[in-house]
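Visitor: Mind having a look at this structure? Questions to follow.
The values are calculated or read from the model by the stated rules, or taken from the named source; none is laboratory data. Computed from a predicted structure; not experimentally measured. FYI the Cβ positions are ideal-geometry reconstructions off the backbone, even for glycines, and counts take in every protein chain you see.
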């Protein structure tokens, strides 16, 4: 609107200024010159024979040809303080023109009446008062030009606003759809409208959304299929082990099978995290309490420090966020002696903060460990596929949030799960 309005206002202002500078100046001077010439004719006609009979003839002549109203004030004298210059432009132009054409002292009264102006002319034996129509010196076109400029500006601006709103509305729909997609919420196709460029942007967005959803479905189906196919030979291996005699080799194979089953479970959880479940209003406080309760230990290694902090209910995929919390808490308990969970809420987001006193993660490896199948070190105590942080990160991203790793005040790792409100 500013882009449309500013040039329009500038053009109108320049037009009005040019009109006042040239048109108003030219027209006003022309009208003042004509009126002065007519007044000079009346004055010259009476000055030739200054008698009552001549004044009467001059009065009739002035009314008939110039629509002047003449009055005579016998013995009157112009006051000195009234010979001041008029304060407006038309009065100054008329004063200058009369000074060139009249040799008698005179005074102009532009406010003689609402419709007429008066010119007082000093003769030896009295004052001649000549009243004329104010339109003879004040042009009415200036007001018309201003009114026309303002009215056309308002009309054109209203029309421009209507067209602009017609173009902005589909852009707003596109922005809402993109935000919904970024927050992981349903983003159905909408009717394309607006200019060609806006429609092309909408088509590109809808095609991108469909590709993203198709890739998510394909990835989920692939991981689920691979995980399912691997469970079949593992089940056969477990049955065969039952018929083998006990020994070191049997126990080692059993441990390998259990590790493979855990890895397959991680794959299935990672694939399930991509499934777009329906979003429902979830009380995060209850969700955190449930997750903490599932890890409850008699040694009180895990604490929810501010369970009474204000948290609003927000639309979430409950299973996805619960899986992310379980993974983060499980990692903290596995690598640390003590773990604390807290929440912070502001106008834009809710943060679930998990602090521990473990060894932490080096700064140069914090981005890498979020990627799937990445582990800092392999050890008998650190078994798994390296998908815990990746699952939590995907859950946060699918809701339009983020997962950040940092240093904890407890000396270990701080994990912040950010979810937008």
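Visitor: Name the residue, out of 409, 420, that is modelled with pLDDT of 90 or more and surrounded by fewer than 18 Cβ atoms within 10 Å (Cβ to Cβ).
Guide: One residue alone meets the criteria, 409.
Visitor: If you don't mind, there's one more thing I want to ask. Enumerate the strands (runs of 3 or more DSSP E) found wholly within region 296-345, keeping only those where 1 or more residues are closer than 17 Å to residue 402 by Cα and assigned by TED's automatic domain parsing to the domain that holds residue 394.
Guide: Because the criterion is at least 1 residues that are closer than 17 Å to residue 402 by Cα and assigned by TED's automatic domain parsing to the domain that holds residue 394, the strands (runs of 3 or more DSSP E) in region 296-345 that meet it are 314-316, 339-345.
Visitor: Given 10, 41, which one is in a helix (DSSP H, G or I) and loosely packed, with under 11 Cβ neighbours inside 10 Å?
Guide: 10
Visitor: Same structure again: Just to be sure before I move on: is residue 360 assigned to a loop (DSSP other than H, G, I, E, B), at pLDDT 85 or above and surrounded by fewer than 16 Cβ atoms within 10 Å (Cβ to Cβ) in the structure I sent?
Guide: no
Here is a yes/no grid of residues against (1) surrounded by 18 or more Cβ atoms within 10 Å (Cβ to Cβ); (2) in contact with a helix residue (DSSP H, G or I) (Cβ under 6 Å, 6 or more places away or on another chain); (3) assigned to a helix (DSSP H, G or I):
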{"position": "98", "(1), (2), (3)": "yes, yes, yes"}
{"position": "107", "(1), (2), (3)": "yes, yes, no"}
{"position": "131", "(1), (2), (3)": "yes, no, no"}
{"position": "135", "(1), (2), (3)": "no, no, yes"}
{"position": "148", "(1), (2), (3)": "no, no, yes"}
{"position": "152", "(1), (2), (3)": "no, no, yes"}
{"position": "155", "(1), (2), (3)": "no, no, yes"}
{"position": "158", "(1), (2), (3)": "no, no, yes"}
{"position": "166", "(1), (2), (3)": "no, no, yes"}
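Visitor: Right, here's the next one. Go through the residues of region 109-129 one by one and say whether even a single one is assigned to a helix (DSSP H, G or I) and either outside the structural domain of residue 60 (by TED's automatic domain parsing) or out of contact with any helix residue (DSSP H, G or I) (no Cβ under 8 Å at 6 or more places or on another chain) (or both).
Guide: Scanning region 109-129, I find no residue that is assigned to a helix (DSSP H, G or I) and either outside the structural domain of residue 60 (by TED's automatic domain parsing) or out of contact with any helix residue (DSSP H, G or I) (no Cβ under 8 Å at 6 or more places or on another chain) (or both), so the answer is no.
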